[in-house]
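One structure below.
Please treat every number below as a calculation from the coordinates, not as lab data. On a predicted model such as this, the values are computed, not experimentally measured, just so you know. Please note: Cβ atoms are built from the backbone with ideal geometry, for glycine as well, and neighbour counts cover all protein chains shown.
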Amino acid sequence: MALHAFPPSVIGVATGVPIFVGYTEKAPDRPMTPIAIGSIADFIRQFGGRHEGRCNVIEVMDPAQSDFQAATTEGSSVTIRFYALQNQNQEPFGPAYNLYTAMRLFYDNGGAACFVVSAGPYGAPVAKANLLAGIEAATGQAGATMLVVPDACLLPGQGAGSDYAAVAVAMLNAAESVRDRLAILDLPRALDPATRSLDGLASTRDAFYSAIAPAAHAFSFGAAYAPALDVSVLGNGDVTYADLKGSTNSSATVNNILTTEAQLSYGANPDQFRSVKANIDDAFGSAEAPNPLQSNQLLLNTLPLFAQIMQILIGKLNVAPPSGIMAGIWAANDVRSGVWAAPANVALNSTIQPTVRLSDRDLATYNTPLNGNAVDILRYFASQGTVVWGARTLDGNNDDWRYIQVRRTIVYIEQSIETALQPFVFAANDGQAWVTVTSMVSNFLTGLWRSGTLQGASPRDAFNVQCGLGSSMTAQDILDGRLVVDIGVAMVRPAEFVVIQIVLAMQTF
């Protein structure tokens with residue numbers, strides 16, 4: 001191949017491109033296949049919308065375990081009873097799947113292009129095997145720079161040997177194996193109400209440490225964020241009375257308490273009461289309402305208790321693990337400041353507050369733990385809202401790789417140079433090629449130095465590039481068809497040079 005056919009320069013690859021793995025409303029025609037997505041409308045068109053929760057309204061005896069209280073009718077008597085919203089397993093109600101909300105938060109916070117792998121349609125519980133298969137499918141997708149699996153935190157178990165541990169370790173191993181992306185992890189059981197306290201969050205953090213321990217070699221290719229977030233993704237236009245019909249008994253319970261409220265509010269006006277009661281029966285009877293959206297709005301307009309219950313339900317659904325929103329923050333930060341800028345001290349959109357508020361005193365055990373497995377905290381400030389308060393990888397005890405922006409910048413440099421060098425596969429492995437490669441890579445790194453990515457008073461202080469016999473290669477390398485480029489770059493953090501070696505397998509004939 002002639003030299004004039006070589007690329008004139010190294011072009012930086014795209015950086016803020018996550019690949020999401022999770023459950024979707026619609027199964028794609030090609031299961032376990034990465035599909036390119038450009039907007040939330042594009043995602044909904046291809047994968048569908050949110051999961052309807054099908055919550056059960058259950059009477060509870062302990063007021064401390066209740067979500068609301070209401071009057072109910074038994075015969076001719078009216079009594080006050082306590083109720084809780086529960087899932088099908090009689091646990092506190094919450095999201096059954098996280099991907100849809102994660103995608104909404106990704107785009108609300110500056111996300112753009114991404115890939116999505118559907119691990120299966122809504123219906124069955126989140127399963128380890130499906131997520132592992134999705135991660136394997138995602139691993140082969142070129143161009144992805146983040147791996148995000150927001151449904152992983154819904155898996156059973158927390159520590160070593162759990163289903164969550166298997167998926168978290170697979171995420172880290174996958175990122176390290178392809179070396180073109182970082183895994184963004186949520187803590188295990190991140191949405192569990194038991195984690196909405198300082199002690200509960202600390203417990204799940206400790207379980208996280210043991211869960212990821214087998215992937216110690218890949219810690220620099222992962223970052224974790226906590227706590228979960230109360231968000232504002234869903235509203236009255238998204239959630240309807242249908243979400244309260246988890247069972248026949250639940251429908252009957254809601255019918256009873258709403259009928260009692262209608263009697264107390266409209267009993268003096270029989271015609272108005274009959275109209276409201278008919279709407280209650282349309283919504284919570286055995287048949288489907290003739291106009292569900294109209295029935296839902298009439299219930300909201302006429303029965304304050306129903307509006308209260310719906311706000312409680314929406315609040316329980318509006319909780320999300322951080323990974324989706326952080327993928328958006330990383331992507332927006334890359335556009336605004338560059339992959340070499342720390343994705344921190346940034347306010348989150350569509351977020352009300354973190355589920356746990358940590359103080360300065362609490363932070364050290366998360367951002368700088370003794371084991372180095374940093375968990376970056378999302379903090380609430382009255383003047384700013386919820387802010388990203390940390391930018392460390394899980395390899396916090398490694399001076400080279402403790403910062404997210406350093407690891408991502410090196411990935412960016414490696415991927416950009418490797419892509420630019422592909423045309424050399426069929427070239428002669430000789431001095432002419434070595435000079436061209438050295439010039440191309442040096443010009444690229446000079447541009448990074450000028451942008452402030454690399455430190456040093458001059459390009460000579462900021463980087464060095466070696467390519468050729470006696471510098472980066474031996475005679476055996478040439479015989480074996482290996483073109484080796486040794487690169488050293490002085491990152492702004494840390495101060496020492498980070499060494500990169502790129503090896504190109506040449507075609508021999």
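With the crude spin-label approximation of a point 7 Å out along Cα→Cβ, what separation in nm comes out for ILE352 versus LEU198?
Distance between the two pseudo-spin positions: 2.3 nm.
Once every Cα of segment 219-271 carries one equal point scatterer and solvent is ignored, give the base-10 log of I(q)/I(0) from the Debye formula at q = 0.13, 0.21, 0.27 Å⁻¹, two decimals.
Per q value, in the given order, log10 I(q)/I(0) is -0.62, -0.92, -1.01.
Determine the relative contact order of segment 136-192: mean sequence separation of Cα pairs under 8 Å and six or more apart, normalised by residue count, in whole percent.
47 percent
What is the distance, in nm, between label points placed 7 Å from the Cα along the Cα-to-Cβ direction at PHE426 and at ARG482?
Simple spin-label model gives 2.5 nm for this pair.
If amide hydrogens are placed 1.01 Å from N in the peptide plane, which non-local residues have theirs closer than 5 Å to the one on PHE93?
Excluding prolines and chain starts, which carry no amide H, the hits are LEU85, GLN86, ASN87.
Mind checking Rg over Rh on the chain, alpha carbons, Kirkwood formula for Rh?
Reported Rg/Rh, Kirkwood definition of Rh: 1.08.
Hey, could you get me the Stokes-Einstein D for segment 353-509, Kirkwood radius over alpha-carbon pairs, 37 °C and 0.692 mPa s, rounded to whole µm² s⁻¹?
Estimated via Stokes-Einstein, D reaches 182 µm²/s.
I need VAL116, VAL465 ordered by Cβ neighbour count within 10 Å, fewest first.
Working: VAL116 26, VAL465 22.
Taking fewest neighbouring Cβ atoms as first place, the list is VAL465, VAL116.
Cα extents of segment 360-433 along the three principal axes, largest first, in whole Å?
61, 30, 14
Filter the DSSP H helices in the chain by two things, a Kyte-Doolittle mean of at least -1.0 and an axial alpha-carbon span of 24 angstrom or more, and list the hits by number.
Taking the DSSP H segments of the chain (at least 24 Å long, mean hydropathy at least -1.0), we get 248-266, 404-421, 431-450.
Would you grab the residues whose amide H sits under 5 Å from the one on MET473? Only those 5+ places off in sequence or on another chain, please, with H modelled 1.01 Å from N.
Those qualifying (amide H under 5 Å, at least 5 residues apart or on another chain) are GLY468.
Would you kindly state how much longer the chain becomes between ALA364 and ALA36 on full extension, computed as 0.36 nm times their sequence separation minus their alpha carbon distance, in nm to one decimal?
That works out to 114.2 nm of additional length.
Around ASP362, what is the net charge, scoring Lys/Arg as +1 and Asp/Glu as -1 over all other residues with Cβ under 12 Å from its Cβ?
Summing Lys and Arg as +1 and Asp and Glu as -1 gives +2.
Provide the three semi-axes, in whole Å and in decreasing order, of the ellipsoid equivalent to segment 150-198 as defined by the square roots of 5 times the Cα gyration tensor eigenvalues.
23, 12, 8
Along the charge dipole of the chain, pointing to its positive end and built from +1/-1 on Cβ of Lys, Arg, Asp and Glu, which listed residue (LEU229, ASN56, GLY456) has its Cα farthest out?
Among LEU229, ASN56, GLY456, the one farthest towards the positive end of the dipole of the chain is GLY456.
Output the relative contact order of segment 188-312, whole-number percent, from Cα pairs under 8 angstrom with separation of 6+ residues. Could you put the intermediate results ahead of the total?
On the way: 74 pairs, mean separation 24.3, N = 125.
Relative contact order of segment 188-312: 19 percent.
Where nothing but the Cβ of Lys and Arg (+1) and of Asp and Glu (-1) is charged, how large is the charge dipole of the chain around its Cα centre, in debye to the nearest 20? Please report the intermediate quantities before stating the final value.
Working: 29 positive and 42 negative charges, 113 e Å.
That gives the chain a dipole magnitude of about 540 debye.
With only alpha-carbon pairs counted, each pair once and no self-pairs, how large is the Kirkwood hydrodynamic radius of segment 343-400 in angstroms? Walk me through the numbers before you get to the answer.
On the way: mean 1/r = 0.0832 Å⁻¹.
Computed over Cα pairs of segment 343-400, the Kirkwood hydrodynamic radius comes out at 12.0 Å.
Give me the log10 of I(q) over I(0) for segment 103-240 at q = 0.14, 0.20 Å⁻¹, as the Debye formula computes it from C-alpha points; what are the numbers?
-0.68, -1.33
Segment 232-321: D in µm²/s via Stokes-Einstein (Kirkwood Rh, Cα pairs, 10 °C, 1.306 mPa s)?
118 µm²/s
For the peptides 316-325, 441-450, what is the packing order when you average, over each peptide's residues, the other Cβ atoms within 10 Å and list the highest mean first?
In decreasing order of mean packing, 316-325, 441-450 become 316-325, 441-450.
Could you tell me which residue out of ALA215, VAL167, ILE314 lies farthest along the dipole of the chain toward its positive end? Charges go on the beta carbon: Lys and Arg +1, Asp and Glu -1, centred on the Cα centre.
So the residue furthest toward the plus end is ILE314.
What is the gain in length, in nm to one decimal, between GLU136 and SER471 on full extension, counting 0.36 nm per residue of separation less the C-alpha to C-alpha distance?
Taking GLU136 through SER471 to full extension adds about 116.8 nm, to one decimal.
Considering the options VAL117, THR33, ALA14, tell which one lies farthest towards the positive end of the dipole of segment 1-119, charges being +1 on Lys and Arg and -1 on Asp and Glu at the Cβ, about the Cα centre.
The listed residue farthest towards the positive side: ALA14.
Would you mind estimating how fast segment 45-175 diffuses translationally, via Stokes-Einstein at 10 °C and 1.306 mPa s with the Kirkwood radius over Cα pairs, in µm²/s?
Roughly 90 µm²/s, to the nearest whole number.
Tell me, what are the semi-axes, in whole angstrom and largest first, of the equivalent ellipsoid of segment 29-118 as set by the roots of 5 times the Cα gyration tensor eigenvalues?
41, 13, 11
Each label point is 7 Å from the Cα along the Cα-to-Cβ direction; what then is the distance between the points at ALA64 and ALA505, in nm?
Roughly 6.3 nm, to one decimal.
Just need the relative contact order of segment 445-501 here, percent rounded to a whole number, with Cα pairs under 8 Å and 6+ apart. Show your work: numbers first, answer last.
Details: 80 pairs, mean separation 17.7, N = 57.
Reported relative contact order: 31 percent.
Going by average Cβ neighbours within 10 Å, how do the peptides 400-407, 215-222 rank, with the highest at the top?
Details: 400-407: 23.2, 215-222: 21.2.
Final packing ranking: 400-407, 215-222.
Calculate, for ALA160 and GLN90, the FRET efficiency according to 1/(1 + (r/R0)^6) with r their C-beta to C-beta distance and R0 30 Å; round to the nearest 0.05.
0.60
If each residue of separation counts as 0.36 nm, what is the full-extension length gain between ASP399 and ASP29 once their alpha-carbon separation is subtracted?
Gain on stretching ASP399 to ASP29: 128.6 nm.
Taking the Cα centre of segment 199-307 as origin and charging only Cβ (+1 Lys, Arg; -1 Asp, Glu), how large is the dipole, in debye to the nearest 20?
40 debye
Grab the DSSP H runs of the chain that are 4 residues or longer, score each as -39,500 (n - 2.57), total them, divide by all residues and round the 222 nm result to the nearest 500 deg cm²/dmol.
My calculation for the chain gives -11500 deg cm²/dmol from helical runs alone.
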